[in-house]
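As structure tokens, the structure follows; a few thoughts come after it.
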Amino acid sequence: MTTFTLGELASRFGLEPRGDAATPIGGVCNLKPGKPGCLSFLSNPKYRAQLADTQAAAVIVTPRDAAGLKTAGLVAKDPYLAYARIAALFDPGRAFEPGIHPAASIDPSADVGVGVYVGPAAVIGAGSRIGAGSFVGPGCVIGRDVEISEGARLVAQVHVGDRVKLGLRCQVQPGAVIGSRGFGNARGPEGWEEVPQLGSVIVGDDVEIGANTCIDRGALDDTVIARGVRLDNLIQIAHNCVIGEHTAIAACTGIAGSTRIGARCMIGGAAGISGHLTIVDDVVVLGRCMVTRSLLEKGVYGSGIPVAPARDWRKRVARFRRLDVTETRLSAVEKQLGIEVRKLDEGDDGGDD
Amino acid sequence: MTTFTLGELASRFGLEPRGDAATPIGGVCNLKPGKPGCLSFLSNPKYRAQLADTQAAAVIVTPRDAAGLKTAGLVAKDPYLAYARIAALFDPGRAFEPGIHPAASIDPSADVGVGVYVGPAAVIGAGSRIGAGSFVGPGCVIGRDVEISEGARLVAQVHVGDRVKLGLRCQVQPGAVIGSRGFGNARGPEGWEEVPQLGSVIVGDDVEIGANTCIDRGALDDTVIARGVRLDNLIQIAHNCVIGEHTAIAACTGIAGSTRIGARCMIGGAAGISGHLTIVDDVVVLGRCMVTRSLLEKGVYGSGIPVAPARDWRKRVARFRRLDVTETRLSAVEKQLGIEVRKLDEGDDGGDD
Amino acid sequence: MTTFTLGELASRFGLEPRGDAATPIGGVCNLKPGKPGCLSFLSNPKYRAQLADTQAAAVIVTPRDAAGLKTAGLVAKDPYLAYARIAALFDPGRAFEPGIHPAASIDPSADVGVGVYVGPAAVIGAGSRIGAGSFVGPGCVIGRDVEISEGARLVAQVHVGDRVKLGLRCQVQPGAVIGSRGFGNARGPEGWEEVPQLGSVIVGDDVEIGANTCIDRGALDDTVIARGVRLDNLIQIAHNCVIGEHTAIAACTGIAGSTRIGARCMIGGAAGISGHLTIVDDVVVLGRCMVTRSLLEKGVYGSGIPVAPARDWRKRVARFRRLDVTETRLSAVEKQLGIEVRKLDEGDDGGDD
């Protein structure tokens, strides 16, 4: 591993050094307990006290925390962001030797750019283009007429279906499937008949797609993942969805067909979002939320009943089920007291709030 | 791409043409905005007004909507179904050249039928049979003694475990796993011990299985997916489940072991169905439903608390938790008023309704 | 298939035979209807009556049920465990011929132990070690500097990322991804920036990992799956989680980053567990539970509202939403009756109970 001096890192990333600029930095580490020779960061003021005890050689801090440094340091407006950028210098997973492995299968009509790596058991179909500097890991299957822009990183065993387009510098984790058939079926006289899914998936620049996540191709139009989107693992994005720029979606979330999600949204893990909805920009959907209506105002949304000891949970479920009885009892009481009973809408469809 | 005249399509699919039967149709499109030279359809009367503005060359409509056509058209009892069948003519994804790619690995004892394609990095194990006209895409792994019937389409990177049987014309999306080990474990003195899963998975004719969906093999009997079933992406079907004919299951649903689901059911996305249950024919389970008991009457079922602004959600959770207090307060009021308090069952186990 | 006598099985597994010790046993079967020549078991006393009608040649029973045997039998303290061990003799899926398939791609610097099988289209990266007697099935991709201990079974198409360590006798089902990038992102001026994930995944001995399950590598420290853990299919384990020894997790569960789960826990299917929580030893979390707080006492926990006919469900959701109105009405009644209204905390954050 390479080593940098604190001064080198400061000038390379535009940060202000504190202490001995010659301090050698050979890696990154947690603040607690820290690791000699390594650089850590303090972002959350809650952990400020750890500055005193860390074994790290240096710590990235905000200007406000700089006075509390007991070690060398780097001062940054956003220590976590500065850490992320510096840590990339120590990431052993990114460098690769370009070249086509002899056990790759590349159609003669495919166009593979300069500086590309194609691993063993990888397959690239007819008419596809792999942009310069891309990494197509072992076992990836790229279909026909696919366009993968420059600097992509398909780690391994990724599936990119026919005619799918990936923007610049996309990163895709193992097992992700981009461009599976949308779930379109029509009832015929003998059972379900397949509705051809003729659209594709268009993925913008700088998108990350997690392990075993699935993105279906559109029925006629395309499914669209705009630039800067972050998708975690095991996410389902159905046909014709549009996910806006820089939206981040946590693992295990499912989004049904034709739903449009705005820019800069944060969708928590295991959320379930129905089809044909609109979610505007800057919405935060908390984990496990059941979204059955459009969210047309920016804000934070949630649903679900959190954990309880099982005995309490069961009693509460029973009380929930007899809320009609509870309301009826209350109405009887009000009647006896001469309080006018307010008319309540029983017709709620579970979809509005 | 090929082009057909409207008249050709009408006679091929048994539909009634309207307007110029010589109208050339070179593809399919949405009704709004429509695309010149292409055929669209109107199924939902809500969109009837779009007939006036569409740029489509022709539209498939019901007899009732035929009078509203401003373009050429085709009259069909079920326009969506007619569209589905016609659209297949324009699907670039289905045609393939038969042949065994040199980078495929096929055990000499496997029996590969005529007109089969086996892609690069695909693997077919000893004693397996691939029916005529099947497509075994790149990276698929077919185990030992597997039977795949005629006309199957395994898109890519599919796993079909030892002894699994697939019926005619099954279609399987990338990353699906058919025949993984059922989750059977017995407690031993040193921890979990594996319970061998000796059954298989039997898949009927005309079944579709979505991307990254998992179907476990049975413990002793087989897991059964009956003919015509439609499974979306990222579904879990545990050992010994039986899914009845023509049932459709949306993405992210999980079904625990030994549950039997009837014919023609519709299971919404991200539903969770406990083990050892029975769901009868023609049941509709709405998305994200938590099914902890058998559903023995046909009908529509749901559960879950839909989305709300987070502040409202939190207050409602608090009120839900103090339903015991609310009921106690109500009982005190009733007592003071001399109303007899009804005895309520506190023993509800969360599983019955 | 081989056949054993009942007496052979009894002495091999330390069980007490009943009836004719020469009874030939050629396989295992269910108790009902049973299968001639095969061995079954009775574990759940509920099925005791089936002893009378079974066609099985012999049945494994508890000492208590031995008197009820109408066939030959084996007496065991734990019939299910005894069954599990005996059934393994009849499992056709486990035996393999060691050898490296010519269509495997193994880096010259990898160290492949004796008695290892490496299947076609499998890939083993530089510096990796595969322990003796391991099975690396077709299409598996093992990254660089991976350590796989003796006796592993990677069924097929498994991904094991760079630097991941698997303990002895681990079994991994198809499509599982071990060592994908943790979902670490920092907000930069132009959108999300990647936070390098420099940790790894450490998997203990005798762990099973299900189909299409994902385990992310840690950000700095490692994600840890302790020995004896059982993970079902389609599970998400985020970066820096620690799963304690012998804990079993059912399918479709998601666990967010840095959560620590204790030993011998049982986590039901489709549970959702938030990040940075602690769950102590011996906790049972029921299926679909939403865990948003630490569980610091051993016990059984649940949440969620189970299924109801859709009409009832919708009415209950409406009543749930107007719990504020219900409480206000109750307060008005109490006021009119001169009952002192208890002050209620509205500030519940949905996370505590």
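The values are calculated or read from the model by the stated rules, or taken from the named source; none is laboratory data. Quick caveat: nothing in here was measured; it's all calculated off a predicted structure. All Cβ positions, glycine included, derive from the backbone under ideal geometry; neighbour counts span all protein chains shown. To get the accessible areas, we keep the full protein, side chains included, count just its heavy atoms, and leave off ligands, DNA and RNA. Shrake-Rupley method; radii C 1.70, N 1.55, O 1.52, S 1.80 Å.
To keep it simple, each residue is scored yes or no on (1) closer than 23 Å to C:Val291 by Cβ; (2) among the small types (Gly, Ala, Ser).
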position	(1), (2)
A:Cys252	yes, no
A:Ala263	no, yes
A:Met266	yes, no
A:Val280	no, no
A:Cys289	yes, no
A:Arg293	no, no
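Would you pick out the residues in segment C:296-317 that are open to solvent by less than 10 Å² (accessible area, probe 1.4 Å), out of contact with any helix residue (DSSP H, G or I) (no Cβ under 9 Å at 6 or more places or on another chain) and facing chain A (nearest Cβ under 7 Å)?
C:Val317
Out of contact with any strand residue (DSSP E or B) (no Cβ under 7 Å at 6 or more places or on another chain), without any contact (Cβ under 8 Å) to a residue 24 or more places away in the chain, part of a helix (DSSP H, G or I) and under 30 Å from C:Ile142 (Cα atoms): which single residue out of C:Ala95, C:Ala88 fits that description?
Checking each option against the conditions leaves just C:Ala88.
Would you check if B:Gly350 is at pLDDT 95 or above, within 12 Å of chain A (Cβ to nearest Cβ), under 23 Å from B:Gly257 (Cβ atoms) and buried (at least 20 other Cβ atoms within 10 Å of the Cβ)?
Here the answer is no, as B:Gly350 does not meet what is asked.
Filter segment C:218-247 down to residues that are part of a strand (DSSP E or B) and either more than 14 Å from chain B (Cβ to nearest Cβ) or touching a residue at least 40 places away in the same chain (Cβ under 8 Å) (or both) and give me whichever is most open to solvent (accessible area, probe 1.4 Å).
C:Val224
Pick from C:Ala271, C:Ala256, C:Ala250: which is at pLDDT 95 or above, open to solvent by 10 Å² or more (accessible area, probe 1.4 Å) and within 14 Å of chain B (Cβ to nearest Cβ)?
That would be C:Ala250, the only listed residue that is at pLDDT 95 or above, open to solvent by 10 Å² or more (accessible area, probe 1.4 Å) and within 14 Å of chain B (Cβ to nearest Cβ).
Of all the residues that make up segment C:86-101, how many are over 17 Å from C:Thr3 (Cβ atoms), within 11 Å of chain B (Cβ to nearest Cβ) and either surrounded by 16 or more Cβ atoms within 10 Å (Cβ to Cβ) or over 23 Å from the mean Cα position of the chain (by Cα) (or both)?
Matching residues across segment C:86-101 total 4.
Among the residues of segment A:295-309, is any in contact (Cβ under 8 Å) with a residue 24 or more places away in the chain and assigned to a loop (DSSP other than H, G, I, E, B)?
Within segment A:295-309, none of the residues are in contact (Cβ under 8 Å) with a residue 24 or more places away in the chain and assigned to a loop (DSSP other than H, G, I, E, B).
When residues of segment A:164-176 are filtered for being surrounded by 22 or more Cβ atoms within 10 Å (Cβ to Cβ) and out of contact with any Lys or Arg (no Cβ under 8 Å at 6 or more places or on another chain), how many remain?
4
Which of the residues belonging to segment A:154-163 are open to solvent by 10 Å² or more (accessible area, probe 1.4 Å) and either aromatic (Phe, Trp, Tyr) or under 14 Å from C:Gly161 (Cα atoms) (or both)?
A:Val155, A:Gln157 - these are the residues of segment A:154-163 that are open to solvent by 10 Å² or more (accessible area, probe 1.4 Å) and either aromatic (Phe, Trp, Tyr) or under 14 Å from C:Gly161 (Cα atoms) (or both).
Can you list the strands (runs of 3 or more DSSP E) lying wholly within segment A:1-84 that have 3 or more residues being aliphatic (A, V, I, L, M) and open to solvent by less than 30 Å² (accessible area, probe 1.4 Å)?
So the answer is A:58-61, A:72-75.
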